[in-house]
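Worksheet: the structure to be examined is printed underneath.
What follows draws every value from the coordinates through simple rules; no lab data is involved. What you see is a predicted model; the values in this text were computed from it and never measured. Positions of Cβ are backbone-derived with ideal geometry, glycine not excepted, and every protein chain shown enters the neighbour counts.
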Amino acid sequence: MSTSAELLAIAAKRLYPNYKPAAMVLSRGRGCELFDVDGRRWLDLCAGVAVCSVGHAHPKHVKAIAEQAARLMHVSNYFFNEENIRLADELCEKSGMARAMFCNSGAEANEALFKLARRHAFTKGEQRTKIVAFHNAFHGRTMGALSMTGTPKYREGFGEVSGVVHVAYGDLDAVKAQMGKDVAAVIVEPVQGEGGVLPAPAGFLAGLRALCSEHGALLLMDEVQTGIGRLGRWFGFQDTGAMPDAISLAKGLGGGFPVGAMLTTEALAGALPPGTHGSTFGGNPLASAAARSVLSILEEEGLVRAAKQKGERLAAMLTALAEELPTVCAGERGEGLLRGLVLEQGFVVRDILPKLADAGVLLTAAGERVLRFSPPLVVTEGELAEGVAAVRKVLSALSK
Ligand SMILES: *Cc1c(COP(=O)(O)O)cnc(C)c1O
């Protein structure tokens, strides 16, 4: 076994430097705890960016993956496999959607939504290529998904896929001004995740639904971060009065195993006929078994409903903290177990994360000034309190 120091030296030389990871090398986890190669422990309240929904090394998740790996891992989409058929059925059952197409990441799922929207218009013989997206939206790093991403610094230097416009999140009038016979789709996150844990204003999603229906455009929802129980309901669109035409999923779906999906209504089943889209790995038995086990663990342990209650407890703790430290914290926002502590002007979350790690808690930034909590859904109230206490200690020192 190598030490952190030895491995960090190799990493500095050999890993492509497109990231700036914390100076630790993680080697194992259990629930909401992570340990590095030297045996040091951290409380994980980011879950690999809202991914490890059932925590680390959940025995049922581990067993499902191990057994499936020993049985059948990959066959390609030239052939059916049982795990994938059952996963499609379960996701459609839970969402009220009719069809599922699988891939391996959030960007790929959004790429599929993008192609679906344009291809659907093409199938109907309509000239619709325009996509309306939002400022601060995050849809992924491939060229199509990147073009829909609403943060200019992520797009800078890469050129663009033409035909995407961005308007202010929450501004229905701005969307309305863009609508017309050329619009293929509007794409929206039910809560903007990377953009700063910003929930959709009341009535916004329903308003988008009405505008899309009126103008013959598709309403696409990026549920990569909000889906699979994160908000205290299975999907972010539920309870909003806005039924999308298609959604994208990834992050929490595999609980750490890479898997993404696009779910669509039956009306869109003809938009991408055989030969128009696909993925070699998409829907493989191993990824499908991992995702099915996540769904069944969330179900058995009642973790989706619990995410709502635990999220409210976390919100109360963060609100109290913000009131206690008004020179550092501006307030709290979010839904379920996707929460942000908004810092005051002048504070940069990215610079505070190493101090939090030193204090034993792992969190991530969402935008410049939002400290994001996206813990495993198996988190306990005690663990949330432990995390908030560490944050309190670090932020108190900054308030002096
Ligand atoms: C993370 C994220 C993506 C991109 O997912 P990848 O798996 O990194 O490609 C897309 N949309 C949203 C809302 C996300 O949070």
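Things to note:
- Of M101, F373, T280, farthest towards positive along the dipole that unit charges on Lys, Arg, Asp, Glu beta carbons give the chain: T280
- Considering only the range 72-300, percent of DSSP beta bridges that pair antiparallel, nearest 5: 40
- Scattering from the range 14-141 was approximated by placing one identical point on each alpha carbon and applying the Debye formula without solvent; log10 I(q)/I(0) at 0.13, 0.14 1/Å stands at -0.91, -1.02.
- When the range 179-218 is reduced to its Cα atoms, the Kirkwood hydrodynamic radius in Å: 11.0
- Our note on the geometry: Cα centres of the range 43-80 and the range 371-388, 22 Å apart.
- When peptides 98-104, 81-87 are ranked by their average number of other Cβ atoms within 10 Å per residue, the highest-first order is 98-104, 81-87.
- Table column - 3J(HN,Hα) (Hz), the range 135-150, Karplus curve with 6.51, -1.76, 1.60, x for Gly and Pro: 4, 6, 5, 10, 10, x, 10, 6, 4, x, 5, 5, 5, 7, 5, x
- Counting only alpha carbon atoms, the long axis of helix 285-300 and the longest principal axis of the chain meet at about 70°.
- The lysines within cross-link reach of K355, meaning a Cα-to-Cα straight distance under 30 Å and a gap of 8 or more places when in the same chain, are K13, K20, K153, K251, K308, K310, K393, K400.
- Whole-Å semi-axes of the ellipsoid equivalent to the range 1-67 (Cα gyration tensor, √5λ, descending): 24, 14, 13
- If you plug the beta carbon distance of R28 and E93 into 1/(1 + (r/R0)^6) with R0 = 30 Å, you get a FRET efficiency near 0.30.
- Under 5 Å, built H, 5+ apart or other chain: amide partners of R30: H56
- Stokes-Einstein D in µm²/s, Kirkwood radius over Cα pairs - the range 72-300 at 20 °C with 1.002 mPa s viscosity: 122
- From its DSSP helices (H runs of at least four residues, each -39,500 (n - 2.57)), the chain gives a residue-normalised ellipticity at 222 nm of -12000 deg cm²/dmol.
- Amide H contacts under 5 Å for C103: G260, A261, M262, G283, restricted to partners 5 or more places along the chain or on a different chain, H placed in the peptide plane at 1.01 Å from N.
- Degrees between helix 4-14 axis and first principal axis of the chain (Cα, 0 to 90, nearest 10): 40
- Principal axes of the range 107-201: Cα extent on each, largest first, Å: 39, 30, 22
- Unit Cα scatterers, Debye sum, the range 255-394: log10 I(q)/I(0) for q = 0.09 Å⁻¹: -0.40
- Note on the chain: Kirkwood radius taken over Cα pairs, Stokes-Einstein applied at 4 °C and 1.567 mPa s, translational D equal to 59 µm² s⁻¹.
- Residue-wise HN-Hα couplings along the range 33-48, as the Karplus relation 6.51 cos²θ - 1.76 cosθ + 1.60 with θ = phi - 60° gives them from phi, are 10, 10, 10, 8, 5, 8, x, 6, 10, 10, 8, 9, 10, 10, 6, x Hz; Gly and Pro carry x.
- Summary of packing: across the peptides 207-215, 153-161, 229-237, the per-residue average of other C-beta atoms within 10 Å ranks them, highest first, as 229-237, 207-215, 153-161.
- Angle between the chain longest axis and helix 349-358 axis [Cα atoms, degrees, rounded to 10]: 50
- Cα shape, the range 48-105, gyration tensor, a/c 1.5 rule: oblate
- Overall, the chain carries a charge dipole of about 540 debye about its Cα centre when +1 sits on the Cβ of Lys and Arg and -1 on the Cβ of Asp and Glu, all other atoms neutral.
- Highest-first arrangement of 137-145, 388-396, 174-182, 368-376, where packing means the average Cβ count within 10 Å: 368-376, 137-145, 388-396, 174-182
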